[in-house]
1. Across segment 1-14, what is the number of residues that are open to solvent by less than 50 Å² (accessible area, probe 1.4 Å) and not in a strand (DSSP E or B)?
2. Strands (runs of 3 or more DSSP E) wholly in segment 30-110 with at least 1 residues that are surrounded by fewer than 18 Cβ atoms within 10 Å (Cβ to Cβ) and without any contact (Cβ under 8 Å) to a residue 12 or more places away in the chain - which ones?
3. Could you list, in sequence order, all residues of segment 16-29 that are loosely packed, with under 12 Cβ neighbours inside 10 Å and at pLDDT 95 or above?
Amino acid sequence: MAKVFICKVDDLEKGEMRKFETEVGELLAFNRNGEYFVTDDMCTHATASLSEGDYFDDTVSCPKHWGEFNIMTGEATAAPCKKPLRTYRVMVEESDVYIDSELEAVDAIN
């Protein structure tokens, strides 16, 4: 396991997303009602930072062409996006949020 620090729990309010610079690159973290999810920040369709898009329900939208992704599974849910977004297994330990950078996520662990 390659555990990578993302942020402190207090760095993300419920319903908020934020981009973090990590040792494995720019990642996007989400606080979904106290559950944490982490994805790559870059859209798989075009060169655009998803952190500049919108986050609603379980979806993040690309600011460039309005494609959408499910933040829990990475599934592309709206055109023109087709390729899934990479997601990460999340671990919350005390007040820190980490990912396992070697595995893609199925579920967030809290």
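The values are calculated or read from the model by the stated rules, or taken from the named source; none is laboratory data. What you see is a predicted model; the values in this text were computed from it and never measured. Because the Cβ atoms are built from the backbone with ideal geometry, glycine has one as well, and the counts that use them run over all protein chains shown. Quick note on the areas: whole protein, heavy atoms, side chains included, nothing else; ligands and nucleic acids left out. Shrake-Rupley method; radii C 1.70, N 1.55, O 1.52, S 1.80 Å.
1. So the answer is 3.
2. In segment 30-110, the matching strands (runs of 3 or more DSSP E) lie at 87-93.
3. Scanning segment 16-29 gives a single hit, 21.
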